[in-house]
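Single-structure report; data block below.
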Amino acid sequence: MLSAHQTVYGVVLRKHRLLAYPVSFVTRYLRLSRPHQLHDTDNAQKMSLSEEKIISQFISMLKHEESDVLCSLILKSIYAFMRDWTRIILKNHLSLDRTNSCFDTALTLIKEIINSKPLKEKIKFLTKVIIIKAKNH
């Protein structure tokens, strides 16, 4: 545990003033839902396409990256976006164009990340993947 003097601080720009807050506050602040943001709209298809585009960009970054540390970070990011994407697809009953999608490629890449997760999280994620694959075969 960090002492009061060692606390890590984040910075938030608010109404032209820089404010320093503990990182946990900054994380919660950044996740707040604000009007006119993509995740705040009802357009689930747009959200799904956005997640897919970000994942495909991470995949292309991974192909050109040589650093093991950065590759690991990119793979963890792909996993995080895949979790969000699978949730969006299932929650909104969307179909997936598997011919043009990076879904299967991303799953192949993050296999080790999935296996390193706790059993409950692994089962939850893989169940969503199985349902999506069954609906879109």
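Pull up the range 91-128, narrow it to residues that are surrounded by fewer than 15 Cβ atoms within 10 Å (Cβ to Cβ) and among the hydrophobic types (A, V, I, L, M, F, W, C), then point me to the one that is nearest to Gln57 (Cα to Cα). That would be Leu126. For the range 118-137, taking the residues that are among the basic types (Lys, Arg) and at pLDDT 95 or above, the one that is farthest from Asp97 (Cα to Cα) is identified as Lys120.
Rundown of residues vs (1) of a type outside the set (S, T, N, Q); (2) part of a helix (DSSP H, G or I); (3) without any contact (Cβ under 8 Å) to a residue 12 or more places away in the chain, yes/no style:
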| residue | (1), (2), (3) |
| --- | --- |
| Arg87 | yes, yes, no |
| Leu94 | yes, no, no |
| Asn100 | no, no, yes |
| Ile113 | yes, yes, no |
| Lys122 | yes, yes, yes |
| Leu126 | yes, yes, no |
| Ile131 | yes, yes, no |
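The values are calculated or read from the model by the stated rules, or taken from the named source; none is laboratory data. As the structure is a prediction and not an experimental result, all values here were calculated from the model. Note: ideal-geometry Cβ built from the backbone for every residue, glycine included; neighbour counts use all protein chains shown.
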